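The structure appears right after this line, and notes come after that.
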Amino acid sequence: MTAAELTTEEIVVLRDAARRDYDDLVAKKLSLDLTRGKPSSAQLDLSEPMLDILQGDHTAADGTDLRNYGGPAGLPELRDIFGPLFQVPSAQLLAAGNSSLELMHDTIVQALLGVMPGAERRWADEERLVFLCPVPGYDRHFSICERFGIEMVPVAMTPDGPDMDEVERLVAADPAVKGIWCVPKYSNPDGTVYSDETVARLAAMPTAAPDFRIFWDNAYAVHHLTEERPEIADILTRCSESGHPDRVFVFGSTSKVTMAGGGVAFFGSSPANVAWFAAASAKRTIGPDKLNQLRHVKFLKDGAGVEAHMRAHAEIVWPKFEAVDKALTEQLEGSDLASWALPKGGYFVALQVLPGTASEVVRLAKEAGIALTPAGATHPYGKDPEDSWIRLAPTVPVLADVATAMAGVATCVRLAGFDKLLADRA
Ligand code: PMP
């Protein structure tokens, strides 16, 4: 039954029941954390053999001694494994340090301080810089923009990716719009997989800025949790076919494949962009950690090796996603207090609660010992104008704790929701 169909007396009864459940929850004195999308210890253990896999081996396929400086593009055999997975020809894919976020940050810094292919001037010399930010989105993307004074304009996500009518309108209207953040597969946090049409429109759309760039953060390229294997369209090819060969920067990493602190990050793009980025990077490093890259090659072996390894992750992670869905369904299905879609990959579930209640849900959960990502983190400047999105990150706690925590969250959603409905009627 929807809230509109309930009498005020009926809502009071439901609110009082939620209050009793909440008091019971607080009495349990829980200490649980659903805040960050990190692999659990059990997931990290899957890659433990990687730590001593080298056994004294330190030689590349071409005979290079990997203990030394050099090889700025990264180990070719690792780029060959990941090129097809990121849909980038391996000659155009750099294997770098341990963090793709670092590469995204550095790309923006290099664009600020140097002239990119197709740019008329350095971004630092532009009067205004604007990035489009599909929401809900990833808070660390927004933090990079905030750090460098890049204005952020939110664009709503749809089940097919960002609202493309709005994106096309904004990029055509204003030359200050220089970029868009995209997490095209199992998006953080709503799990959306971009449709082929969205990818084609992003590649083809006319932009007022000649140096407009898509920051294609394919962080969850291989992170399937079910038997489905959705493949997004190949953005790099689409861009060059549409006459915009330099439009996209592709990023990815093995942070959530092997080890989040000791993985390998990748940068892929057009030959011109790769040459530009590599030349700029050559000033800051004499080469990446190729021994870690060799560890990855020996451990993962090939695309089939990555697939098998990701299945082992899915066995650990998927039951936790199901537990999130079950807890929410049990308490909230059929009410209009919340909505969510269970993603089939990635690391997050996005929960949408009654407008005006997300911060209250997070506060109630905190009081009950359940840490949630702050409400607003899914939006630029930490401000969700509707105060309705909550990002759930269920990977770290063990399964039983995910179930306990999520039952608690569902109770908080009921209490905050019914309180809000009563306040609105008062
Ligand atoms: N992009 C997205 C969308 C992410 O969710 C994360 C991790 N939470 C990252 C990038 C960070 O990746 P890395 O560890 O390679 O810096």
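Descriptive notes on the structure:
- Pairing each residue of the range 262-273 that is within 16 Å of the ligand (Cβ to nearest atom) with any residue that is in a helix (DSSP H, G or I) and among the aromatic types (Phe, Trp, Tyr), provided the two are 6+ apart or on different chains, yields C-beta distances under 9 Å for VAL264/PHE82; PHE266/PHE82; PHE266/PHE86; PHE267/PHE277; GLY268/PHE82; GLY268/PHE86.
- Test: residue in the range 170-181 that is within 30 Å of ALA304 (Cα to Cα), part of a loop (DSSP other than H, G, I, E, B) and either more than 13 Å from the ligand (Cβ to nearest atom) or of a type in the set (Gly, Ala, Ser) (or both): no
- Top-ranked residue of the range 206-227 - restricted to ones that are in contact with a strand residue (DSSP E or B) (Cβ under 8 Å, 6 or more places away or on another chain) and among the charged types (D, E, K, R), ranked as surrounded by the fewest Cβ atoms within 10 Å (Cβ to Cβ): ASP211
Listed here are the residues, each with its yes/no results for (1) touching a strand residue (DSSP E or B) at 6+ places or on another chain (Cβ under 8 Å); (2) surrounded by fewer than 16 Cβ atoms within 10 Å (Cβ to Cβ).
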{"residue": "HIS244", "(1), (2)": "no, no"}
{"residue": "VAL250", "(1), (2)": "yes, no"}
{"residue": "ALA272", "(1), (2)": "no, yes"}
{"residue": "LYS290", "(1), (2)": "no, no"}
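- Only residues that are over 22 Å from ALA350 (Cβ atoms) and touching a Ser or Thr at 6+ places or on another chain (Cβ under 9 Å) were counted in the range 307-325, giving 1.
- Qualifying position, being under 29 Å from ALA410 (Cα atoms), more than 16 Å from the ligand (Cβ to nearest atom) and open to solvent by 50 Å² or more (accessible area, probe 1.4 Å), among LEU328, LEU342: LEU342
- Selection of the range 373-386 for residues being open to solvent by less than 60 Å² (accessible area, probe 1.4 Å) and out of contact with any Leu (no Cβ under 9 Å at 6 or more places or on another chain) yields ALA375, GLY376, ALA377, THR378, HIS379, PRO380, GLY382, ASP384.
- Output for the range 298-323, where each listed residue is within 27 Å of ALA341 (Cα to Cα), open to solvent by 30 Å² or more (accessible area, probe 1.4 Å) and of a type in the set (Phe, Trp, Tyr): TRP318
- Selected residue (only one of LEU75, LEU51, LEU44, LEU66 is of a type outside the set (Val, Ile, Thr), away from the ligand (no atom under 16 Å from the Cβ) and open to solvent by 50 Å² or more (accessible area, probe 1.4 Å)): LEU51
- Every test in (1) over 27 Å from LEU132 (Cβ atoms); (2) in contact with a Lys or Arg (Cβ under 9 Å, 6 or more places away or on another chain) is passed by ALA377 save one, and that test is (1).
The values are calculated or read from the model by the stated rules, or taken from the named source; none is laboratory data. Just so it is clear, the model here is predicted, and its values are computed rather than measured. Every residue, glycine among them, receives a Cβ derived from its backbone with ideal geometry; neighbour counts consider all protein chains shown. These area figures cover heavy atoms from the full protein model, side chains too; ligands, DNA and RNA do not enter into them. Shrake-Rupley method; radii C 1.70, N 1.55, O 1.52, S 1.80 Å.
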